[in-house]
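Undergrad: My questions will all concern the structure given below.
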Amino acid sequence: MPNNPFSKNYLDMFVTTLPKCELCKRYQLKNSLEVCEAFPNGIPEDVIWESFEKECNNGIFFEEAKE
């Protein structure tokens, strides 16, 4: 079977992930600064890309924003 450019393996190379903070109910953008309850003075870039299960700061964890 020839390689199908639309096969799951091919498409997996192009899947991107959103930063967890932008999906969290605590996330806010204030004057171009990303902040939240865990990081009121700005969210460190390395935290934005951590796993959803990892504690953010001071006992605060990711919670999905509900729309």
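The values are calculated or read from the model by the stated rules, or taken from the named source; none is laboratory data. All of these numbers come straight from a predicted model, not from anything done at the bench. A quick note on method: Cβ atoms are made from the backbone with ideal geometry, for glycine too, and the neighbour counts reach across all protein chains shown. Surface accessibility is based on the protein's heavy atoms, side chains included, excluding ligands, DNA and RNA. Shrake-Rupley method; radii C 1.70, N 1.55, O 1.52, S 1.80 Å.
Undergrad: Would you be able to tell me the number of residues in region 48-67 that are loosely packed, with under 11 Cβ neighbours inside 10 Å and of a type in the set (Gly, Ala, Ser)?
TA: Adding up the residues that qualify gives 2.
Undergrad: Something else about it: Considering only region 29-47, how many residues are open to solvent by 100 Å² or more (accessible area, probe 1.4 Å), farther than 13 Å from ASN58 by Cα, of a type outside the set (Gly, Ala, Ser) and outside any strand (DSSP E or B)?
TA: 4
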